[in-house]
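Asker: Below you will find the structure I want to go over with you.
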Amino acid sequence: MFRRDQRNAVSGISNPHPFRSSEAKDSRINFRFWIEDLISKNKVICFYPRVGRGSVVVFNASSNDELHGFMTQWLEIVSANFEIYPLATPAEAEETFKGS
């Protein structure tokens, strides 16, 4: 999945399990601290809260094991289902189209 010569961008989209907003306050605070720490370590490229509930995070993961670690940590903070999408740069996508 990963090559050393590419940007290792992987999108993670969370769909939190239903719970009252008042019950989510501590989780949201802990999640923000966790994301800010990963941003400071250049392990998160960008982060967007979704309208309503959930988040979109673009990770800079160097391996599948590192990505698995991020997802496990995320689950420890917020009980959710995730959608994971490996991303390509526009140049990589163009090369793929040229090669087919």
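Nothing in this text is a laboratory measurement; each read-out follows from the coordinates by a stated rule. Keep in mind that this is a model prediction, so the values were computed, not measured. Every residue, glycine as well, gets a Cβ built from its backbone with ideal geometry; the counts of neighbours run over all protein chains shown.
Asker: Quote the relative contact order of the chain in percent (integer), defining contacts as alpha-carbon pairs under 8 Å separated by 6+ residues.
Answerer: About 44 percent, as a whole number.
Asker: Calculate for the chain the 222 nm mean residue ellipticity that helices alone would give, adding -39,500 (n - 2.57) per DSSP H run of length 4 or more and normalising by residue count, nearest 500 deg cm²/dmol.
Answerer: My calculation for the chain gives -13000 deg cm²/dmol from helical runs alone.
Asker: At a Förster radius of 22 Å, what calculated FRET efficiency corresponds to the Cβ-Cβ distance of ASN81 and ARG28, to the nearest 0.05?
Answerer: Plugging the Cβ-Cβ distance into 1/(1 + (r/R0)^6) gives 0.80.
Asker: Can you give the angle from 0 to 90° between the axis of helix 64-77 and the longest principal axis of the chain, with both taken from C-alpha atoms, to the nearest 10?
Answerer: 20
Asker: Against the longest principal axis of the chain, how steep is helix 90-99, in degrees 0 to 90 to the nearest 10, with axes from Cα atoms?
Answerer: Its long axis makes an angle of about 40 degrees.
Asker: Could you give me the ³J(HN,Hα) list for segment 9-21, computed from phi with Karplus coefficients 6.51, -1.76, 1.60 and θ = phi - 60°, whole Hz, x at Gly and Pro?
Answerer: Calculated HN-Hα couplings, in order: 8, 9, 8, x, 10, 9, 10, x, 5, x, 6, 5, 4 Hz.
Asker: A follow-up question, please. Read through the labelled values [x] -0.40, -0.77, -0.86; [y] -0.50, -0.85, -0.93; [z] -0.70, -1.16, -1.21 and report the label of the one computed as log10 I(q)/I(0) by the Debye sum over Cα atoms at q = 0.13, 0.18, 0.19 Å⁻¹ from the structure.
Answerer: Label of the calculated value: [y].
Asker: May I pose another question? Kindly list the residues of segment 83-100 that lie in the label zone of VAL56, defined by a backbone N under 14 Å from the point 7 Å along the Cα-to-C-beta vector.
Answerer: Counting only backbone N, you get 83-88.
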